[in-house]
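Every number in this text was worked out from the coordinates using simple rules, so none of it is lab data. This is a predicted model, so every value here is computed, not measured. Glycine gets a Cβ as well: all are built from the backbone with ideal geometry, and neighbour counts include every protein chain shown.
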Amino acid sequence: MRRVAPLLLAACNVAAPPSDTGGAKLDPASACPRALVVVSSDYASTTVSLVAPDGRVLSDAFLSSGSAPVGLTQALSGDVVVPHEPTSGEVVLIDRYPNATLTWADPTSGKVTRQLSVRTGFASNPHDYLEISGSKAWVTRYETNTHPGKEPFDGGGDVLVLDRLAPTITGRIDLAPESGGVPPRPETMTRLASGLVVVPLGRLSQDVQRGEDARLVGLDPTTDSVAFRVDVPGVSNCIGAALSPARRSFALACTGVVADDANRMGRSGVVIFDVAGAVPREVSRYKLDAPPSASLAFVDEDRVVVGTFGDLTKGRPDLLYALDVRSGAVAKIASSGAFSLGSVVCGEACARTCVVANASEHALSVFETRALAPAPSIGVARSTRLPPRIVGLMR
């Protein structure tokens, strides 16, 4: 197996679902990530791998859809993601649609420690998970329940408040009042330097055929309440977010409404905000050659790496861009098959590489951060043939 200095990859190689390869010994906790959590999927089944920041494969199939380790009462579906921000000490999996289930697992033993359904009577489609304190966490739920009131916390279009150790639902932050009459469709959660958490609202209609202007909502973790609201006119369906290493800049990727092909490009782009103050302030926008995806990350304070969606009917590949937020320069740095580029993770301080899940190569594409030059890609998860889609971090 070829190796790359810092961050590595995951890919796959065998048709039959393997037995889980269990937990792994991790380096002691530090300011740097202890592992990459890589989700490989064909959207029908899933394999989760653990990879060390130096490229060692720690567990080839830590958990998978094809097995049922102790503690896993709800088998993993093919729509599994990991939290936007790093988790501490545990692997956390978000099984989105239709399962709407959270799974916590011990990385050293490979055992599932607990699971929690956040369906509350409907397919709520959880999109992100954020640790707030030692026992408290939040979960964004993308779908809105059209017939609520039959059981507790069944409204949707919200942020659920959890006791993550019990685990149980303890409260709900309703985001419908912040959305102006359309389903809010909350996405990722990003903790700002102020301590507030910013959540982009997709604001798509119930049938996802129409999209209103995007909106950022700031939430206060101490009160579980809304602290600010910032409209982002002219763009819609903003599904990706990234925070700079010094937490001074925030990037928002807006893909436009997929069903509105005539206007999609005009309502797409990347918006940069200054978040050093109490409320985000827009400072610049970038229009790319195609709608940006949710895949973006800051390389350093001045540069953002972002992917764009390809188009199979038009023969357009996925592209990876580098945006210089200081000079305004835009450069293409890579391309791949349509709908193949997934998560982007950069680690300037701890590991001078950016890693991009590349499904068409069955590998993580690796770029050194100084000039964003490509380094050798590396494949793991050799026990399956599932392509990597999602990469997250665990501290």
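For residue 344, enumerate residues with amide H under 5 Å from its amide H, sequence gap 5+ or separate chain, H modeled in the peptide plane.
For residue 344, the qualifying residues are 296.
Under a GNM of the chain (C-alpha, springs under 10 Å), which listed residue has the highest mean-square fluctuation: 106, 302, 207?
Fluctuation is largest for 207.
How would you order 260-266, 108-114 from highest to lowest mean count of nearby Cβ atoms within 10 Å? Don't jump to the answer; show the numbers that get you there.
Details: 260-266: 12.9, 108-114: 16.1.
Order by mean packing, descending: 108-114, 260-266.
Using the number of other C-beta atoms within 10 angstrom as an exposure proxy, rank 286, 321 with the fewest first.
Fewest-to-most Cβ neighbours within 10 Å comes out as 286, 321.
Quick one: among 322, 290, 166, which has the greatest mean-square fluctuation in a GNM of the chain with alpha-carbon springs under 10 angstrom?
166
With contacts defined as alpha carbon pairs under 8 Å and 6 or more residues apart, what's the relative contact order of region 35-394 in percent?
That works out to 11 percent.
Over the chain, with a Gaussian network built from C-alpha contacts below 10 Å, which listed residue (346, 238, 32) shows the highest mean-square fluctuation?
32
Can you run phi through the Karplus equation (6.51, -1.76, 1.60; θ = phi - 60°) for region 137-154 and list ³J(HN,Hα) in whole Hz, with x for Gly and Pro?
9, 10, 9, 7, 10, 6, 8, 10, 6, 7, 9, x, x, 9, 7, x, 6, 9
Classify region 258-393 from the C-alpha gyration tensor, please: rounded if a/c falls under 1.5, else prolate or oblate depending on whether a/b exceeds b/c.
It comes out oblate by the Cα gyration axes.
Considering only 268, 102, 170, whose Cα is most displaced toward the positive end of the charge dipole of region 35-394, charges sitting on Cβ of Lys, Arg (+1) and Asp, Glu (-1)?
268
About the Cα centre of the chain, what is the dipole size in debye to 20, counting +1 per Lys and Arg Cβ and -1 per Asp and Glu Cβ, all else neutral?
600
Across the chain, how many lysine pairs separated by 8 or more positions, or lying on different chains, have Cα atoms within less than 26 Å?
On the way: 25/111; 111/136; 136/150; 287/314; 287/332; 314/332.
Total qualifying Lys-Lys pairs in the chain comes to 6.
Given H placed on each backbone N at 1.01 Å, which residues far from residue 303 in sequence or on other chains put an amide H within less than 5 Å of it?
Under 5 Å from the amide H of residue 303: 325.
Using the Cα centre of region 95-253 as the reference point, and only Cβ charges (+1 on K/R, -1 on D/E), how large is the resulting charge dipole? Debye, rounded to the nearest 20. All intermediate terms of the calculation are to be shown ahead of the outcome.
Numbers: 17 positive and 18 negative charges, 62 e Å.
Dipole magnitude for region 95-253 comes out near 300 debye.
Can you give the helix-only mean residue ellipticity at 222 nm for the chain, where every DSSP H stretch with n ≥ 4 adds -39500 (n - 2.57) and the sum goes over all residues, rounded to the nearest 500 deg cm²/dmol?
After summing the helix terms and dividing by the residues of the chain, the value is 0 deg cm²/dmol.
From the phi angles alone, apply the Karplus equation (6.51, -1.76, 1.60; θ = phi - 60°) to region 364-370 and give each ³J(HN,Hα) in whole Hz, x where the residue is Gly or Pro.
8, 7, 10, 10, 6, 7, 4
Specify the inter-centroid distance of region 200-256 and region 293-354, based on alpha-carbon positions, in whole Å.
Spelled out, the Cα-based centre of one part sits 20 Å from the other.
For region 191-313, rounded, prolate or oblate, judged on the Cα gyration tensor with a ≥ b ≥ c (square roots of eigenvalues), a/c < 1.5 rounded, else prolate if a/b > b/c?
oblate
Charges on Cβ only, +1 for Lys and Arg, -1 for Asp and Glu, centred on the Cα centroid of the chain; of 354, 373, 343, which one is farthest towards the dipole's positive end?
Sorting the options by dipole projection puts first 373.
List the residues, sorted by chain then number, that are 5 or more residues from residue 339 or on another chain and whose placed amide H is less than 5 Å from its amide H.
So residue 339 has HN proximity to 310, 318.
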